[in-house]
Amino acid sequence: MASYPSIPLEKYREYPIEEMRQRLNDFYENVDRRRTVREFSDRAVPRDIIETALKVANTAPSGANLQPWHFAVVSGPQTKQKIRIAAEAEEREFYEHRASEEWLAALQPLGTDADKPFLEVAPYLIAVFLQKFGELPDGRKVKHYYPSESTGLATGMLITALHEAGLATLTHTPSPMKFLNEILGRPKSERPFLLLVVGYPADDAEVPDIRRKPLEAFASFIDD
Ligand code: IYR
């Protein structure tokens, strides 16, 4: 027996097909303008914008609706500096020792390196944590289901929401990222998922001229 009360699907909206097409095409045109940016401006972004984008992320579907994520929003210069120092140390290890030749070759066209000034320049860093377990007020643990899938979905929605607001993001994944637990005081039961750099792009920001795959290359339709 289900224990949540059932309520009517009052908030659902259906659109006439033409309107459906128009809305979706407009949405596609907008998200297709999203680019990952590596050069950020230090211009301030109001906190409420970040809060609303996080509420969007928190609407993501999750295993058993346990919402197994935590977003630590960093705007303070001291904490950003600590994160930059720790991330660059890991990145230097990565570029100089840990990365395979194959991985370095894949990154070469993007021109990335171990220097991460954006970690101090951008107004916000959002550290996304995946919670393997939740904790009840009495300290008991609650197992979470599909935490990676759920946190990935929430992060995708967060990136889309910030783009909708006219902000740029960079999904940064120094590896390993355990230092984020220490710097941000997050418990061991939370795994750092990624670090999202958020702000306006720098006035002279440039991006690599990359292409997205055509539909036929990433989707197949089985009609029988
Ligand atoms: N984390 C490193 C390396 C890196 C890895 C991938 I996969 C990228 O798409 C980009 C960078 C860095 O941030 O430089």
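A few notes on this one:
- When PHE133, PHE129, PHE221, PHE179 are screened for being of a type in the set (A, V, I, L, M, F, W, C) and within 16 Å of the ligand (Cβ to nearest atom), only PHE179 passes.
- Residue count for the range 1-38 under the criterion of being under 21 Å from ARG212 (Cα atoms), of a type outside the set (Ser, Thr, Tyr) and surrounded by 11 or more Cβ atoms within 10 Å (Cβ to Cβ): the result is 8.
- Evaluated against (1) more than 20 Å from the chain's Cα centre (by Cα); (2) at pLDDT 95 or above; (3) away from the ligand (no atom under 16 Å from the Cβ), ASN30 falls short on exactly one condition, (1).
- Subset of the range 99-120 (residues that are open to solvent by 90 Å² or more (accessible area, probe 1.4 Å), part of a helix (DSSP H, G or I) and near the ligand (Cβ under 10 Å from one of its atoms)): TRP103
- Some residue of the range 159-175 being assigned to a loop (DSSP other than H, G, I, E, B), surrounded by 11 or more Cβ atoms within 10 Å (Cβ to Cβ) and more than 16 Å from the ligand (Cβ to nearest atom): yes
- PRO61 modelled with pLDDT of 95 or more and either within 18 Å of ALA161 (Cβ to Cβ) or open to solvent by 80 Å² or more (accessible area, probe 1.4 Å) (or both): yes
- Members of the range 176-224 that are open to solvent by 100 Å² or more (accessible area, probe 1.4 Å) and in contact with a His (Cβ under 6 Å, 6 or more places away or on another chain): none
- Residues in the range 133-152 that are open to solvent by less than 90 Å² (accessible area, probe 1.4 Å) and either part of a helix (DSSP H, G or I) or touching a Ser or Thr at 6+ places or on another chain (Cβ under 9 Å) (or both): PHE133, GLY134, HIS144, PRO147, SER148, SER150, THR151, GLY152.
- When GLU120, GLU101, GLU164, GLU135 are screened for being of a type in the set (Asp, Glu) and touching a strand residue (DSSP E or B) at 6+ places or on another chain (Cβ under 9 Å), only GLU135 passes.
- Residues of the range 184-209 that are without any contact (Cβ under 8 Å) to a residue 60 or more places away in the chain and within 21 Å of the chain's Cα centre (by Cα): GLY185, PRO187, LYS188, SER189.
The values are calculated or read from the model by the stated rules, or taken from the named source; none is laboratory data. All figures in this text were calculated on a predicted structure; none of them were measured in a lab. Don't worry about glycine lacking a Cβ; one is built from the backbone with ideal geometry, like all the others, and counts go over all protein chains shown. All accessible areas refer to the heavy atoms of the entire protein, side chains included, with ligands and DNA or RNA removed. Shrake-Rupley method; radii C 1.70, N 1.55, O 1.52, S 1.80 Å.
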